[in-house]
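Accompanying notes for the structure given below.
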Amino acid sequence: MREAGHDWFTDARANLLGHVARSGTPQSVLIARMAISKQAVQQLIDGLVAQRILERVPDPADSRSRIVRYTPNGKEAMQDADRIKRLIEDEYRERLGDEAFATLVAILRTATTEPESSP
């Protein structure tokens, strides 16, 4: 991402951005998902707001809540991230072959999916 001109991109910021839906995500949901302190999440968001990657807007469903969403600059950055991800995937697919790559993707999805709660 830095080679693509996104000097603001860091591992910690990438971790946060991975939790922000393209349509936006309530800040409270980001705090719950990140497994770090509320203050740390707010600092990450503040930094990305200052870089004009994210913005906070009022939640129409709850006036006390804020939605964190991508700005136009942020959307452009995510297009670059998608392109770079596809390049990385293509490289792994070429190294592993289609079948092994599909298995790897399935394993990673399983490892990163939240287990369903029992009633």
### GluC sites (Glu not before Pro) restricted to DSSP loop in the range 1-100 with at most 15 other C-beta within 10 Å
Glu3
### Summary
With R₀ set to 22 angstrom, the calculated FRET efficiency between the beta-carbons of Ala14 and Thr103, to the nearest 0.05, is 0.30
### Task
Let me have the 222 nm mean residue ellipticity of the chain computed from DSSP H runs of 4+ only, each contributing -39500 (n - 2.57), with the sum over all residues rounded to the nearest 500.
-18500 deg cm²/dmol
### Query
Quick one: His6, His19, fewest Cβ neighbours within 10 Å first, how do they rank?
His19, His6
### Query
What label, among (1) 28, 21, 12; (2) 30, 19, 11; (3) 27, 15, 12, belongs to semi-axes √(5λ) of the Cα gyration tensor in Å computed from the structure on display?
(1)
### Query
What is the fewest-to-most order of Lys85, Lys38 by other Cβ atoms lying within 10 Å of their Cβ?
Lys85, Lys38
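Read-outs: derived from the displayed coordinates by stated rules, not from any lab. Predicted model, so just to flag it, every value in this text is computed and none were measured. Neighbour counts are summed over all protein chains in view; Cβ atoms, including those assigned to glycine, are modelled from backbone coordinates with ideal geometry.
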